[in-house]
Amino acid sequence: MAQSKLKQLDQRNLRRSLYETGRGASCLVVRGGQELVSFCCNDYLGLSQHPDVKKAASDAILQYGVGAGASRLVTGNHPLYGELERTLARIKGTEAALVFGSGYLANLSIPPVIAGSGDLIVADELSHSSMRAGIQASSADSIYFRHNNTSDCHAILKQERDKYKNCLIMTEGVFSMDGDMAPLVELCELAEEFGSWIMTDDAHGFGVMGQGRGSAAEIGVSGKIPLQMGTLSKAVGVYGGFICASRAVIDLIINRGRSLIYATGLPPSAVAAATASLKIIETDQELVDLPIRYARQFTTQLGLPPAESPIIPIITETSEKALAASAQLMREGFLVTAIRPPTVPEGTARLRFTFSAQHNVDDIDTLAAVVSRIGLA
Ligand code: PMP
């Protein structure tokens with residue numbers, strides 16, 4: 001049974017495999033003995049390799065050991081969480097914050113806490129798989145609006161909102177596979193007009209947009225988004241997820257969020273390292289600005305629309321073409337993984353380039369020249 005399912009994936013160029021990939025102190029990775037410049041890590045600021053962050057992790061291991069021992073509600077709430085959550089709340093300008101085992105786990109638990117039977121969730125159709133998992137886990141009804149289309153969202157709310165008790169609008173701040181930003185001003189207005197909650201997943205905006213504070217700060221709607229989710233695994237460079245919200249919402253999630261209640265807390269090293277990363281994000285503006293600057297250099301050199309974020313997709317449509325382009329770039333010394341359905345909709349397979357503070361101007365020049373020479377853009 002498994003073999004025949006794998007064969008079907010093979011036939012559609014959709015089979016995925018794990019490749020051992022060594023990462024070191026720069027954007028260089030080693031795969032199959034070949035050294036490659038990676039343009040597909042979400043470590044936008046290179047903080048996973050920063051000496052202060054590594055030291056914070058190793059000090060925490062020496063003091064507290066390597067595992068949390070239990071869920072946060074039992075004995076896993078070690079003393080390092082307080083500072084991390086206070087820092088997250090300060091950066092986001094909310095009353096409180098709550099750290100989960102990962103961004104996926106945060107998204108899995110938050111929608112069911114906020115919206116249940118008799119409620120409605122209205123979400124962007126390109127919402128990340130973990131948001132969809134959380135929406136499915138909720139007993140609320142759900143409707144997806146066309147990507148970034150506020151007229152469609154408005155039409156759905158106009159027709160449906162009155163039939164439900166509570167309503168939750170969900171979107172990403174920066175879309176993970178497209179790199180475009182959500183129209184947060186308009187979505188906040190819709191939330192207000194229709195008496196709805198709004199939740200953003202800012203996995204790809206936090207640390208790189210809005211002086212590091214994220215998409216809401218970039219767009220000027222900080223304070224208007226009551227549920228701001230993010231991850232500690234991308235620009236922060238470590239592991240874990242979080243939600244910033246009011247004290248009451250956080251207390252409710254502590255009581256009802258299944259992936260917080262029933263999963264072991266993060267290792268102390270991850271919590272200490274994330275706090276150390278946030279200190280750098282709060283103080284090193286030059287570093288925070290670099291990923292977008294490099295993404296803009298790339299789009300300018302290739303005559304593409306200006307980068308809105310450090311993520312630039314080049315759509316190949318078919319998975320076959322995406323795989324071939326990725327292999328071609330690998331021969332030229334670059335690692336850019338092909339992104340295929342179901343991660344992206346059918347017919348929109350792509351190469352997804354991500355830019356990091358660890359790159360340099362020459363890396364971008366060389367990459368843009370190769371992308372142009374092989375006819376990708
Ligand atoms: N949301 C988005 C938009 C993401 O891209 C990801 C990671 N791919 C997640 C959530 C999950 O975060 P984590 O990796 O911390 O589980």
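The values are calculated or read from the model by the stated rules, or taken from the named source; none is laboratory data. In this text, all values refer to a predicted model and were calculated from it rather than measured experimentally. Note: ideal-geometry Cβ built from the backbone for every residue, glycine included; neighbour counts use all protein chains shown. Each accessible area value is taken on the protein alone, full model and side chains, heavy atoms only, with ligands, DNA and RNA left out. Shrake-Rupley method; radii C 1.70, N 1.55, O 1.52, S 1.80 Å.
Tell me the mean residue ellipticity at 222 nm calculated for the chain from its helices only (DSSP H runs of n ≥ 4, each -39500 (n - 2.57), averaged over every residue, nearest 500).
Computed mean residue ellipticity for the chain: -12500 deg cm²/dmol.
So if each residue of separation counts as 0.36 nm, and I subtract the Cα-Cα distance between N255 and L73, what length gain in nm does that give?
This chain segment gains 64.6 nm when fully extended.
Take the alpha carbon gyration tensor of segment 198-292, find the square roots of its eigenvalues, order them as a ≥ b ≥ c, and report rounded if a/c is under 1.5; if not, report prolate when a/b exceeds b/c, else oblate.
oblate
Over the heavy atoms of D362, what accessible area does a 1.4 Å probe trace out, to the nearest 10 Å²?
That residue has around 100 Å² of solvent-accessible surface.
For the chain, just list the percent of Cα-Cα distances falling in each 10 Å bin from zero outward, please.
With 10 Å bins starting at 0, P(r) equals 5, 23, 31, 27, 13, 1.
Which of the pairs K92/K158; K224/K279; K5/K234; K92/K279 have their Cα atoms more than 22 Å apart in this structure?
Correct reply: K92/K158; K224/K279; K5/K234.
R0 = 35 Å: FRET efficiency of R90 with E346, Cβ-based, nearest 0.05?
That gives a FRET efficiency of 0.25.
How much of the DSSP bridge set in the chain is antiparallel, in percent, rounded to the nearest 5?
60
Dividing the alpha-carbon radius of gyration of segment 1-95 by 2.2 N^0.38 Å (N being the number of residues), what value is obtained?
1.62
Residue separation times 0.36 nm, minus the C-alpha to C-alpha distance between E282 and K5: what's the value?
Roughly 95.0 nm would be gained on extension.
Roughly how big is segment 71-163's charge dipole about its Cα centre, with Cβ charges of +1 (Lys, Arg) and -1 (Asp, Glu), in debye to the nearest 20?
In debye, rounded to 20, segment 71-163 gives about 160.
Which shape class applies to segment 11-163: rounded if a/c is under 1.5, otherwise prolate when a/b exceeds b/c and oblate if not, where a ≥ b ≥ c are the square roots of the Cα gyration tensor eigenvalues?
Oblate shape, in that a/c is at least 1.5 and b/c is the bigger or equal ratio.
Using a 1.4 angstrom probe with every protein chain in place, what is the largest-first accessible-area order of Y104, Y144, Y19?
Y19, Y104, Y144
Convex hull over the Cα atoms of segment 112-251, averaged projected area in nm²?
7.9
Select from L304, L157, C27 the residue farthest towards the positive end of the dipole of the chain; place +1 on Cβ of Lys and Arg, -1 on Cβ of Asp and Glu, and compute about the Cα centre.
C27
Can you tell me how much longer the chain between E189 and A133 gets when fully stretched, taken as 0.36 nm per residue apart minus their C-alpha distance, in nm with one decimal?
My answer for the length gained is 17.5 nm.
Sticking with the crude label model, points 7 Å out along Cα→Cβ, report the distance from Q49 to R31 in nm, one decimal please.
1.6
So if I place +1 on the C-beta of Lys and Arg and -1 on the C-beta of Asp and Glu, and nothing else carries charge, what would the dipole magnitude of the chain be about its Cα centre? I want it in debye, nearest 20.
Dipole magnitude for the chain comes out near 1000 debye.
Calculate the FRET efficiency for S17 and L376 from the Cβ-Cβ distance with a Förster distance of 35 Å, rounded to the nearest 0.05.
So the FRET efficiency works out to roughly 0.95.
With every protein chain left in place and a probe of 1.4 Å, what is the accessible surface of T348, to the nearest 10 Å²?
40
What are the aspartates and glutamates whose alpha-carbon lies under 12 Å from the alpha-carbon of K163, with same-chain residues fewer than 8 places away excluded?
Candidates past the 8-residue exclusion: D119, D141.
For V249, tell me the accessible area in Å² from a 1.4 Å probe, rounded to the nearest 10.
20
Which of the three applies to segment 40-100, rounded, prolate or oblate, going by the alpha-carbon gyration tensor with a ≥ b ≥ c and a/c under 1.5 meaning rounded?
It comes out oblate by the Cα gyration axes.
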